[in-house]
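Please treat every number below as a calculation from the coordinates, not as lab data. Keep in mind the model is a prediction, meaning the values are calculated, not measured.
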Amino acid sequence: MQIIPAQDGWKAVHCQGSENGQIEIFNRAIICWALVEAVGESDARQTEVRGVEQDSNHLVIVQDLIDRDKIGDGGIDRNQYFLGYDDPHAHEESDYWVRQANARLKAEKEKRA
């Protein structure tokens, strides 16, 4: 519906599990912000602001990247889960994002159980 440029420094924070049992946390720069129409069960028209990030060779709306085939042997979850937006001045400590990642991966594992 509408796109505006993002200020420098905004990032989308994602996490995924790794082969050695550690949590991988990574950031992608927010290129711009998009006002989009939310898709849901309600007939009411709702809008929301979502970040747009670079993924390989194309731009994508920030979201979870879920592929059920990425749950490997031993329950290792290689899906990429969106944790939140990191502005240039907030949550600079990595402990915040580690706690968020632990909670998200635990919740996803409980959903699959």
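What length, rounded to one decimal in nm, is gained on full extension from THR47 through to SER18, with 0.36 nm per residue of separation minus their alpha-carbon distance?
Values: separation 29, 0.36 × 29 = 10.44 nm, distance 3.47 nm.
Once the chain is fully extended between THR47 and SER18, it gains 7.0 nm.
How far, in nm, would the chain grow between ASP55 and LEU35 when pulled straight, counting 0.36 nm per residue and subtracting the alpha carbon separation?
Values: separation 20, 0.36 × 20 = 7.20 nm, distance 1.92 nm.
Difference between extended and current length: 5.3 nm.
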